[in-house]
Every structure is written in structure tokens, then in C-alpha cells.
Amino acid sequence: MVNPVDVFISYSHKDEDLKDELYVHLAPLIRQGQIKPWQDRAIEAGAEWEQEIKAQLESAEIILLLITPRFLASDYCFDKEMQRAMARHDAGTARVIPVIMKSCYWQGSVFSKLQALPKDGKPVTRWDDWDEALLDVVQGMLRVIAGRQQQDDPEQKPVSVKQEAVQKPVPIAVSAVPAQPVVKEQTSTGNFTERLSNNVGLEMVKIQAGQFWMGSPGNESNRRDNEGPQHLVRVPEFWMGKYPVTQAQWAEVAALPKVEHDLEPFPSRFKGANLPIERVSWYEAVEFCQRLSRQTEHIYRLPSEAEWEYACRAGTNTRYSFGNTITGEQVNCDFQKNVVVNEGFMGLGRKEEKRGTYRGKITTVDSLPPNDWGLYDMHGNVWEWCADHWHDNYAGAPIDGAPWLSGGNSNSRVLRGGSWINYPRYCRSAARYSFTPDNRDSYYGFRVVCSAPRILH
């Protein structure tokens, strides 16, 4: 007989009703002896509740995080229970499953590297039928339980949760990665400016063809699994916007005839002609490129993820194009808290000193220094949409610099670079993020690339 799986449920007490809804759907698994759930309401009177919670959290095989705005706002849930849960996940001793119960911004959290339930991370309360959403959660748990080794033979050593849950990465020898990619400096004078009006131009920087190691090495601080395996990519020549698309540039193109989607001329939260455009979806960014291409007869598009990282690195292989650390004089991001370099167990460990202040808003696109190839704001200010579909890692990724549009999650698109609201670790050259292509936020923008400044016909 298979022993029931110990399940720890972490939730905010203000979300008791949502937890109870989930329990209703877990009841068949409890009766069948497949799971043995625990929540802090089970603590007996007189028991030391924090010690009891810690003991249960340390012994559970599956840890459910019921994610809501209240959960994320709770110091105890977020800073203690979730940190302990993620430490156990990283150690390979528990399977942590985020269950997105209500709409909230959770993608920048430490658990965002994990596959969330229900399917596609759509909040339970956003489903037309809550029962269907919670059934999807139960089915996801059943898939995890099915992967456990049968324990009929007491002499047989069980397989760890981490071995079952995580695909073994494709190995790559760090020593095989050259100190620098082939192209280190850009010496071409082939830059050009696309005139959008008498007063507004779009400056394009020529990026020479070359090759580089895409992704981050296994020993990079704050690295995430989705940044590997590192792989050599050969990138053809292309032109990239010197800056993220500005609000002045957006307004000019938004006034052009529609191709597929309507464009608001002034969608941004922060207003200013020389500020980057924000609050634009991936679809709207693509529409911008289509209108611009039709107007100019040049081929404009969103960069592939490989093109973006190649241009961002600008011949470097460090965490940022400026080196392994950054300051507030180089990047607009959230320096309000110290930058965690080596988180260690339960988020403890060595930290960098504070290197800047939190501006709390976007900055003009030319206010901070460019990288060595003359591109501004490749780190911070606004996340930048790329053309690619989201993939959880680089296994099978293209090596020719093309966008990766097959497989993966076609309902999510890649974002790169970090933003004014993120900590520095999210602004690293290799850092990746994804969201649905219809999403708009005050930290999502984009820049354009041009395959060649040539006539379409």
C-alpha cells in the first residue's frame, strides 16, 4: 500500500474561504489515502504554533502556496513559510507548487521559476468555473503523486522529489566558454536614423554579425534555471534601436493607418516625450513595427531573444554589460534594498552593499550611460518585449539568432532587461521573464530591430 503524501498548505488567514474551496476538491484524494494535508488550523490548543508549523513544513513532501495579494503582503507567509518552502525545493527535498488563487503580481517572486497551477498560471477566481480551475489543481497534484516511487518494497530506496520533478539540464563545461565572444567591439559606421517627422527620429545602431554564449553559467549569482543551458549562438548582422521606443516615437507611429490593432497615442503612466513608452502589450508592439515597416518600407520587428542578449552583452560575459555589479548611476532599478548575491538557506547569506537609490519611476532614455555598443537602457527602466514564445529553458533553442516560435508556451512572450520597479538581479544580461502578450504594465516597453535597412519590395 502506498503511503499518503504529506501536503503542507501555506495561505493567508484572510483567504480562509479560498482554502476551504480547495479542501473540498482535495477530499477524494484524502479519502483514497493519496494525500495527508496539513494546515495551521490543525494545531492543538496549548501547542507552540510556530514550532508546529516549522516541523510540518520541514516534513511535507508537497508544499502548496495559495497565492493571493494577501499572501504576498503577509510577512509571515511570504518571508517565513515561502522562504522555508523554497529552501526545501532548492535542496530537492520537497515539491513546491504555487496555486494562483487571485489576480496579483507574483511573477517577480522567488517562486515564479516554478510551474504554477491552474494551467498557464491563470488565477482561480478568473476562471468562469471555479470548480474546473480547482479540478485542474487536483489533476496537477495527481501528476506529481503519480511520479513518486512505489514504496511496497521497504528495502527499496525512494527517489527524491527533485529527481522526479526536474529535468536534468544539458551539461556544458564552463571551461569551454571563451573569455569573450568573437565580436568585442563595434567599429562600423553604418548607423542610420529613420525620420518619423520633422522633429522625431528613430536612431538605429548597426550590430555586427558575431557569436556569443547565450545564457548564464551555473555559478552566476542569482541565476535561474531558465537561463540555461548556455549555448553558442551565431547572430547575423542587424540594426537595433539606440533607445527603447520613446513616447514621442510611439505617438508618431500610432497616428499611422491601422494594420491589425488599434493603438492609443498616449497610453503611458509616466508622461514625457523622451521617456520610454510603457503600458503597451506585445500585440501593440508588433502593430507598431508593422505600421512603421509599411510607412518606411524598411523591415522593422521585435528582436529575437538571442539578438537582444547579444546586443545587451556588447562583448561581455559578466552579469551586466557594465561588469558583475551595477550602480544607480548606470541603471534605473530598485536599489532600495541591498542586492542579494548569495541567498543561501532561507534567504540568508552574503549581501552586496547598497549601490543606489530607488527612483520609483522611469527615466528619460538618454539619462544613463550606454553599453559599449552604444545602446541605452539595456538594463532596467522598462522590460522589453521580444518576438519569442516562452520556453522554460534553452534545451533545443535555435543557434542562428532567430526567434524561437515553435514549442514552448505560445500564450506567453519573452521580456528582457528588467525595469525601474525590479531589483538589480532581474536586470542581468541573462535574466528572462515572460507574460501574456495582451498584458500592459507601467514597466513593459520595447525597442525595435531592422534586419537590414533595405526596401521591402
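Is region 28-39 home to any residue that is assigned to a loop (DSSP other than H, G, I, E, B), open to solvent by 50 Å² or more (accessible area, probe 1.4 Å), of a type in the set (S, T, N, Q) and out of contact with any Ser or Thr (no Cβ under 8 Å at 6 or more places or on another chain)? Break it down stepwise before answering.
Let us first name the residues in region 28-39 that are assigned to a loop (DSSP other than H, G, I, E, B), namely 32-34, 39.
Narrowing the set further to residues that are open to solvent by 50 Å² or more (accessible area, probe 1.4 Å) leaves 32, 34.
Among the residues that remain, those that are also of a type in the set (S, T, N, Q) are: 32, 34.
From the residues that got through so far, the ones that are out of contact with any Ser or Thr (no Cβ under 8 Å at 6 or more places or on another chain) too are 32, 34.
Among the residues of region 28-39, at least one is assigned to a loop (DSSP other than H, G, I, E, B), open to solvent by 50 Å² or more (accessible area, probe 1.4 Å), of a type in the set (S, T, N, Q) and out of contact with any Ser or Thr (no Cβ under 8 Å at 6 or more places or on another chain), which makes the answer yes.
For region 50-65: of the residues being out of contact with any Ser or Thr (no Cβ under 7 Å at 6 or more places or on another chain) and more than 18 Å from Q34 (Cα to Cα), which is surrounded by the fewest Cβ atoms within 10 Å (Cβ to Cβ)?
Going through the qualifying residues, I end up with Q51.
Out of (1) open to solvent by 40 Å² or more (accessible area, probe 1.4 Å); (2) touching an Asp or Glu at 6+ places or on another chain (Cβ under 7 Å); (3) in a strand (DSSP E or B), what's the single condition that is false for S410?
The one condition S410 does not meet is (2).
Residue pairs, Cβ under 7 Å, 6 or more apart or interchain, first in region 191-202 and under 13 Å from A251 (Cβ atoms), second in a loop (DSSP other than H, G, I, E, B) and among the hydrophobic types (A, V, I, L, M, F, W, C). List them.
Short answer, once both residue conditions are applied: L202/L196.
Any residue at all in region 359-371 that's at pLDDT 95 or above and in contact with a helix residue (DSSP H, G or I) (Cβ under 8 Å, 6 or more places away or on another chain)?
The answer is yes; a qualifying residue exists.
With (1) touching a helix residue (DSSP H, G or I) at 6+ places or on another chain (Cβ under 6 Å); (2) farther than 21 Å from S412 by Cβ as the list, and W127 as the residue in question, which single condition is left unmet?
Exception for W127: condition (2).
Is it the case that some residue within region 377-389 is of a type in the set (S, T, N, Q) and in contact (Cβ under 8 Å) with a residue 60 or more places away in the chain?
First, the residues of region 377-389 that are of a type in the set (S, T, N, Q): 381.
Then drop every residue that is not in contact (Cβ under 8 Å) with a residue 60 or more places away in the chain, which leaves 381.
Yes, region 377-389 contains at least one residue that is of a type in the set (S, T, N, Q) and in contact (Cβ under 8 Å) with a residue 60 or more places away in the chain.
Does region 265-301 hold any residues that are in a helix (DSSP H, G or I), among the charged types (D, E, K, R) and open to solvent by 40 Å² or more (accessible area, probe 1.4 Å), and which are they? Walk me through it before giving the result.
Our first condition is that a residue be in a helix (DSSP H, G or I); within region 265-301, this holds for 282-296.
Checking which are among the charged types (D, E, K, R) leaves us with 284, 287, 291, 294.
Residue satisfying the conditions is R294 alone.
Here are some conditions: (1) in contact (Cβ under 8 Å) with a residue 60 or more places away in the chain; (2) surrounded by 15 or more Cβ atoms within 10 Å (Cβ to Cβ); (3) not in a loop (DSSP other than H, G, I, E, B). T93 meets all but one. Which one does it not meet?
Condition (3) is where T93 drops out.
The values are calculated or read from the model by the stated rules, or taken from the named source; none is laboratory data. Worth saying up front: this structure is predicted, and the values here are computed from it rather than measured. Here Cβ is always computed from backbone atoms with ideal geometry, including for glycine, and neighbour counts include all displayed protein chains. Accessible surface is based on the protein model in full, side chains and every heavy atom, while ligands, DNA and RNA are left aside. Shrake-Rupley method; radii C 1.70, N 1.55, O 1.52, S 1.80 Å.
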